[in-house]
1. Would you give the gap between the C-alpha center of segment C:117-171 and the C-alpha center of segment A:101-155, rounded to a whole Å?
2. Let me check against my output: what whole-number percent is the relative contact order of chain C, with C-alpha pairs under 8 Å and at least 6 apart?
3. Can you tell which of B:Ile150, A:His215, C:Pro279 lies farthest toward the positive end of the dipole of the protein assembly as shown, using +1 and -1 charges on the Cβ of basic and acidic side chains (Lys, Arg; Asp, Glu)?
4. Name the shape class, rounded, prolate or oblate, that the alpha-carbon gyration tensor gives for segment A:235-323, where a ≥ b ≥ c are the square roots of its eigenvalues, rounded holds for a/c under 1.5, and otherwise prolate holds if a/b is larger than b/c and oblate otherwise.
5. In degrees between 0 and 90, to the nearest 10, how far off the longest principal axis of chain B does helix B:255-269 point, with axes built from Cα atoms?
6. Using heavy-atom solvent-accessible surface (probe 1.4 Å) with all chains present, what is the largest-first order of A:His149, B:His176?
7. Expressed as a whole percentage, what fraction of the accessible surface of segment A:9-145 belongs to carbon and sulfur atoms when a 1.4 Å probe is rolled over the protein heavy atoms?
8. Let me know the mean shielding of A:268-280 by other chains, meaning the per-residue number of their Cβ atoms within 10 Å of its Cβ.
Amino acid sequence: MSSPLIQVTDLHKFFPLASQGIFSRVKGDNKAVNGLSFTINEGETLGLVGESGCGKSTVGRTILKLYEPTSGSITFEGEDITKYSNSKMKPLRTKMQMIFQDPYSSLNPRHTIGSIIAASYEIQDITPDGGVKKAVQELMERVGLNPEHYNRYPHEFSGGQRQRIGIARALAMKPKFIVCDEPVSALDVSIQAQVINLLADLRDDFGLSYLFIAHDLSVVQHISDRVAVMYLGKIVELAPVESLYKEPHHPYTKALLSAVPLPDPVLEEKREQIVLTGDLPNPANPPSGCVFNTRCWKAKEACFTTEPTLLQVGSSQVACHFPE
Amino acid sequence: MFAYISRRLAVSLLILLTVSFAVYVIFAFLPFDPAALTCGKNCNDPGIIEANRRRLGYDLPFFTQYFLFLKGLFFGRTFGEGAALINCPAPSLGYSFQQHACVTNLIGEALPVTFSLAIGAIVMWLALGIGLGILAARFRGRIVDQLSTIFVLIGTSLPTFLTGLLLMVFVVIRWHLIPFPSGNYTPFIENPFEWAQILFLPWLTLAFAYAALYTRFVRSSVIDTSNEDYIRTARAKGLSESVILGKHTLRAALAPIATMAGLDFAGLLGGAILTESVFNLPGLGRLAISAVVKYDLPIIVATTLLAAFIVVIMNLIVDILYAYIDPRVRVA
Amino acid sequence: MTLLKVENLCVDFPTPDGLVAAVHDTSFEISPGETLAIVGESGSGKTVTNLALMGLIPLRTANVTGSAKFESHDGPVDLLAMNRNDLRKYRGRDMAMIFQDPMSSLHPFYTIGDQIIEAHQIHNKVDIKVSRDRAIELLEMVGIQGAATRIKSFPHQFSGGMRQRVMIAMALVNNPALLIADEPTTALDVTVQAQIMKLLSDLQKELKMAMILITHDMGVVAGAADRVNVMYAGRIVESANVRDLYANPLMPYTQGLLASVPRMDRPHTERLSAIPGQPPSMIALPTGCSFNPRCGRKSEVGASKCESQMPDLTTRGNQHFARCFIGEGA
């Protein structure tokens with residue numbers, strides 16, 4: 001097998017928590033990403049799920065070098081990009097793109113959507129075959145927008161259409177890898193399905209790889225090949241999608257899946273739900289031992305003293321001393 | 001909270017030190033000979049100039065001069081020697097050879113005037129600006145709102161010297177609404193009534209411009225706040241509109257006004273140059289402007305520093321006040 | 001017995017581009033202890049319906065017509081017929097509301113205790129100490145530990161889920177007969193959502209309270225609702241008991257909505273069936289049935305009929321109503 005498209009090894013991203021003023025002392029770090037390792041193969045979609053504050057968005061941004069990693073390494077197509085400067089990243093940015101959650105705020109309201117999509121060509125100083133306008137209109141058609149709307153402004157489009165504009169913008173450079181950060185969570189249900197289908201089609205047509213970040217487990221299940229579950233800056237379980245949803249091994253994964261309501265009143269009545277007590281601990285001061293020990297119903301002494309590492313259980317990798 | 005305040009105080013001191021140094025550097029390297037200026041503009045006697053240079057310490061190296069200035073602030077300073085000894089007790093800001101007085105004393109005389117002017121003006125403009133702003137927001141789009149827009153337009157576009165002159169001409173001279181402010185500034189403790197009478201028009205002049213700004217700001221702040229979700233929550237509880245406005249909306253909407261008012265007040269304390277000139281008030285602004293005209297360097301340095309000092313201190317007060325109003329910025 | 005009976009509710013917003021009928025001719029009822037879910041996409045009118053009942057739509061911005069008969073503590077009243085000042089008496093006492101975003105729905109400058117006490121004081125002429133004890137009691141009831149000291153905390157010192165609990169405590173302080181929950185868990189994480197939905201259902205049983213649950217999440221509806229109203233473009237397009245609706249959706253929009261939800265209990269390789277097109281602009285609604293431009297089943301009754309006439313909401317037996325020409329009169 002060829003080497004993976006993306007390889008992330010022991011990635012850390014800490015944000016210093018500084019108090020205000022000149023005489024401030026650094027009070028510690030928000031350990032947003034605290035030692036992650038994973039790979040994404042060509043044409044593969046890795047889903048990244050977790051609750052708000054678990055660091056999943058930071059992972060996406062750090063891989064694209066929008067944040068400087070604190071430690072660890074990121075390789076893209078075998079090339080170690082961890083220490084790359086902005087100018088060295090620039091040619092690679094054509095191959096690595098991002099789609100954002102909020103289609104309303106990520107488009108400049110004063111630019112026509114034609115020029116928003118075309119901006120990618122200008123930044124990289126590329127003239128596509130047949131001219132920019134033709135290329136942009138082809139893209140618009142591909143993502144399901146009317147190419148005649150080339151000269152319209154973002155406010156003339158609905159939420160779902162704006163997300164399509166965002167997708168077209170990301171596709172303009174013919175990328176190999178796209179970080180999708182909560183791409184459908186701002187959209188209505190019926191539109192969500194359209195955008196998920198579009199993303200799946202584009203992946204299959206262009207051989208794209210996705211890091212698909214979302215909090216909605218059902219959405220992630222539908223688009224991903226493998227899924228990583230994050231909790232407090234760490235991956236607690238990483239597994240092929242079928243086994244993760246059928247046989248979750250980590251207690252947190254289990255609790256998370258049991259909390260998802262099913263759109264079926266008959267099943268809902270029978271659903272056994274593990275209600276997690278308490279709140280997420282402060283990421284600046286994670287619990288010692290297993291990060292989940294403050295909310296885990298199975299926690300024993302080992303969980304408070306030793307940090308579990310990701311170990312193979314069946315086809316899954318689980319960071320738990322007592323996997324299910 | 002205590003740690004926060006002491007940290008802020010330390011930062012403020014550092015800022016003041018930096019400002020004082022910067023001011024000193026600027027004036028030290030101006031292409032004037034400060035000693036020559038001490039004996040008037042057309043003084044050419046090199047003997048007097050040299051004598052003054054020594055008496056004022058302008059012959060010393062730059063850093064020594066700056067150090068002596070700082071030392072004077074805390075321990076007082078003596079100028080000259082022998083029979084012509086001049087002593088300015090701490091806090092000494094220098095000695096003005098043109099006015100033949102310690103700068104501290106000159107400022108001591110001018111500051112109460114400016115303070116009186118500023119305090120009256122701020123009371124007036126806050127009352128007018130907040131009141132009108134709330135009315136305009138409450139009755140948005142109606143006649144009160146439209147009138148307030150006209151007021152804002154006039155207030156922000158008329159320069160204060162013109163407002164002052166117009167008020168003088170019409171209110172006093174034409175319409176005789178209040179008697180002509182006869183005589184000079186009277187301190188509050190001597191005769192509060194006369195004090196207010198003399199200052200009334202200057203207050204009005206200053207308040208007019210500021211009130212217009214504040215009306216506009218309060219209006220938009222109240223409107224923004226009333227669209228907040230927590231105002232909808234208050235309404236859903238069954239509170240009456242007046243309680244919602246008075247207790248919920250205004251508390252949040254007026255919080256930023258405290259910051260604004262504090263800084264504007266500080267700005268005025270530094271000297272309301274135009275208003276003081278129009279109404280012939282012997283305040284800091286006039287002291288500074290006449291010093292500039294006469295190249296009276298010690299006074300210029302002192303008034304500049306004083307203005308910086310007031311701004312820094314007011315900033316600190318405003319921040320502490322804001323932390324009191326808004327629990328979210330209280331630092332544990 | 002019926003707690004609330006809404007008939008022919010219309011809410012029109014005059015705009016420079018014309019009249020927007022945010023809610024059109026809507027009727028429904030709810031009994032004590034019952035949970036009615038109102039589902040629909042953004043702009044479908046589900047929130048406006050309830051803001052109108054609470055009297056929270058500014059009078060100058062909208063025309064509200066229709067009637068809403070409500071069994072209050074002081075006997076039957078019509079919420080839409082009384083003036084705003086009289087309505088205030090019932091708001092927060094007989095009916096209360098919780099909102100989507102617990103982050104912004106609490107006043108940042110007041111302690112949570114003050115805010116709950118205030119809600120109690122408006123409707124009860126009692127000593128402040130009584131209200132304080134009531135606030136602590138409710139905070140304990142919604143699962144906030146150390147309530148006696150926590151009432152001195154400010155909202156920013158709580159997590160999102162905890163703030164929603166505070167909002168619930170505040171809404172329930174006067175034992176309302178009806179709770180309107182507007183997307184109460186949309187801004188929350190799924191594990192917190194589970195906690196809050198369980199809390200709401202427990203409290204509802206305990207207090208025999210009726211609840212109108214506004215949401216777009218078909219999963220939440222399935223777990224919580226007794227009856228469901230589906231709204232589209234300002235109208236109820238289908239109304240049924242929850243099991244009926246999920247087992248046998250009649251209106252093509254409801255069918256599409258249910259089919260487009262990704263489900264964890266289905267194979268992940270299955271392609272989602274999306275409803276084509278975009279939700280209509282409320283300023284320029286299509287003629288005929290509002291859903292017709294996106295409907296794939298028009299041919300079954302003849303497209304021209306759907307494109308020219310608005311179908312009525314008609315009964316299909318077993319308390320099931322649908323607004324569609326398909327299967328009408330069958």
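The values are calculated or read from the model by the stated rules, or taken from the named source; none is laboratory data. This is a predicted model, so every value here is computed, not measured. Note that we place each Cβ from the backbone using ideal geometry, even for glycine, and neighbour counts take in every protein chain shown. Side chains included, ligands, DNA and RNA excluded: accessible areas come from the protein's heavy atoms. Shrake-Rupley method; radii C 1.70, N 1.55, O 1.52, S 1.80 Å.
1. The distance from the Cα centre of segment C:117-171 to that of segment A:101-155 comes to 51 Å.
2. 19 percent.
3. B:Ile150
4. Here segment A:235-323 falls in the oblate category.
5. Rounded to the nearest ten degrees, it is 30.
6. The residues order as B:His176, A:His149, largest area first.
7. Exposed carbon and sulfur together represent 50 percent of the surface.
8. 4
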